[in-house]
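Remarks on the structure that follows.
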Amino acid sequence: MKKKILVIENDESILEMVSYVLKEEGYEVKAYHTQKWLFEHVEAYKPDAIILDVVRPTAQGTEICRTLKANPKTKHIPVIVFSTHLKVMETIKRVCADEVVPKPFDISQLISAVEIQLAS
């Protein structure tokens, strides 16, 4: 059975590219360009991992990740965060993310992060 990845990315071109690459690697992918309805998508899809774009280097920007990790139904799901903000990258892994992939990213870096998180 294919591993399921849920991707939330604000930039539609990055969303399309990440979806394509993950599908080519053999994953089943659901991709959305907005965080709206994220929790409903997680509940319905039951992903094996979540890739989440965190735009703002604020507490609000990391709140979705924190909420996922605080919920008993979703805390086991690895969360891989994309971000261009140094402040987010420095703190979010301590706070809630299982892995952080800085933007811009190399495809092999993304695939490696997904493989590592799904193997643990």
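The values are calculated or read from the model by the stated rules, or taken from the named source; none is laboratory data. This is a predicted model, so every value here is computed, not measured. Cβ: placed from backbone, ideal geometry, glycine included. Neighbour counts: every protein chain shown.
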Working only within the stretch 1-17, note down all residues that are among the acidic types (Asp, Glu) and either more than 12 Å from the chain's Cα centre (by Cα) or outside any loop (DSSP other than H, G, I, E, B) (or both). ASP11, GLU12, GLU16
If I ask for residues that are assigned to a helix (DSSP H, G or I), modelled with pLDDT of 95 or more, within 14 Å of the chain's Cα centre (by Cα) and aliphatic (A, V, I, L, M), which ones from the stretch 18-38 would you list? VAL18, LEU22
Scanning the stretch 91-109 for residues that are at pLDDT 85 or above and polar (S, T, N, Q), which turns out nearest to THR74 (Cα to Cα)? GLN109
If the requirement is being surrounded by 15 or more Cβ atoms within 10 Å (Cβ to Cβ), farther than 20 Å from THR74 by Cβ and not small (Gly, Ala, Ser), which of these qualifies: VAL42, VAL21, VAL29? VAL21
Kindly indicate whether any position in the stretch 39-49 is touching a residue at least 12 places away in the same chain (Cβ under 8 Å), under 19 Å from PRO104 (Cα atoms) and in a strand (DSSP E or B). no
Top-ranked residue of the stretch 77-90 - restricted to ones that are more than 18 Å from LYS3 (Cβ to Cβ) and touching a strand residue (DSSP E or B) at 6+ places or on another chain (Cβ under 6 Å), ranked as modelled with the highest pLDDT: VAL81
